[in-house]
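Structure first, commentary second.
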Amino acid sequence: MDVTLVPFGNAHFKNGTLQCQHGPEECLANSYEQCAIDAYPDFATHYRFIYCMEKAGEKMTRRAPLCALEANVAFAPIKACVEDPVKSDALQHKFAALTPRNHQYTPWIVVDKTLSPSDGDELIKEVCSAYKGPAPAGCKAVHRRKEPVRKDAALDAH
């Protein structure tokens with residue numbers, strides 16, 4: 001499966017200036033995540049960092065060094081990228097360009113070119129339904145039919 005994370009949210013450029021929905025701190029958090037993707041292009045690597053950041057909520061920028069440690073990646077290249085105004089600005093523009101034009105809210109999740117009707121709440125089910133070929137291990141539980149529970153099931157246990 002190919003996954004592309006686009007840490008840009010509802011940000012936009014106005015007269016050449018980046019504006020984030022939740023202010024400058026959100027722009028900084030996006031920059032940390034964008035720089036992690038740039039420094040560690042492998043999804044499995046940068047995802048661990050981004051997941052940790054997102055779990056931290058409003059404290060995510062302060063937790064970035066700890067998230068790097070937790071994700072087993074070096075923080076120095078991420079920090080150097082964030083602190084480089086030319087590089088971080090270029091990444092903000094790159095991720096702005098990756099944001100779909102019809103993007104209206106976050107998370108904006110697209111599976112196989114179709115907007116997720118569950119906004120990601122049923123992501124595994126949606127991905128597994130879209131998957132072509134033999135179901136990978138992660139999808140087998142999704143496709144497994146459950147036996148209906150009989151009303152007298154408790155009596156059978158005795």
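The values are calculated or read from the model by the stated rules, or taken from the named source; none is laboratory data. Keep in mind it's a predicted model, so treat the numbers as computed, not measured. Heads up, the Cβs are rebuilt from the backbone with ideal geometry, glycines too, and the neighbour counts pull from every protein chain shown.
Structure above, values below:
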| item | result |
| --- | --- |
| Residue satisfying all of: in region 121-139; in a helix (DSSP H, G or I) and among the charged types (D, E, K, R); farthest from Val110 (Cα to Cα) among these | Lys125 |
| Verdict on Ala56 being surrounded by 18 or more Cβ atoms within 10 Å (Cβ to Cβ), farther than 14 Å from Gln92 by Cβ and under 16 Å from the mean Cα position of the chain (by Cα) | no |
| Answer residue from region 1-37, given it is within 12 Å of the chain's Cα centre (by Cα) and part of a loop (DSSP other than H, G, I, E, B) and is modelled with the highest pLDDT among those | Pro7 |
| Pair list, Cβ < 6 Å and 6+ apart or interchain, from region 91-116 residues that are surrounded by 13 or more Cβ atoms within 10 Å (Cβ to Cβ) to residues that are aromatic (Phe, Trp, Tyr) | Phe95/Phe8; Ala96/Phe8; Thr99/Phe8 |
| Cβ-Cβ under 6 Å pairs, at least 6 apart or on other chains, region 60-81 side in the same structural domain as Ala39 (by TED's automatic domain parsing), far side in a loop (DSSP other than H, G, I, E, B) and among the aromatic types (Phe, Trp, Tyr) | Pro65/Phe75; Ala68/Phe75; Val73/Tyr40 |
| Qualifying position, being in contact with a helix residue (DSSP H, G or I) (Cβ under 9 Å, 6 or more places away or on another chain) and among the basic types (Lys, Arg), among Lys59, Lys87 | Lys87 |
| Search result, residues across region 89-109 that are part of a helix (DSSP H, G or I) and either closer than 14 Å to Glu33 by Cβ or among the polar types (S, T, N, Q) (or both) | Leu91, Gln92, Lys94, Phe95, Ala96, Leu98 |
| Which numbered condition Ala130 fails, given (1) more than 13 Å from Leu5 (Cα to Cα); (2) at pLDDT 95 or above | (2) |
| Yes/no for Cys27 being buried (at least 18 other Cβ atoms within 10 Å of the Cβ), in contact with a Leu (Cβ under 6 Å, 6 or more places away or on another chain) and over 23 Å from Gly138 (Cα atoms) | yes |
| Test: residue in region 38-49 that is of a type in the set (Val, Ile, Thr) and under 15 Å from Phe95 (Cβ atoms) | no |
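Yes or no, residue by residue, for (1) closer than 20 Å to Asp2 by Cα; (2) assigned to a helix (DSSP H, G or I); (3) modelled with pLDDT under 95:
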| site | (1), (2), (3) |
| --- | --- |
| Glu54 | no, yes, yes |
| Glu58 | no, yes, yes |
| Thr61 | no, yes, no |
| Lys87 | no, yes, no |
| Ser118 | yes, no, yes |
| Ala141 | no, yes, yes |
| Arg150 | no, no, yes |
| Ala154 | no, yes, yes |
| His158 | no, no, yes |
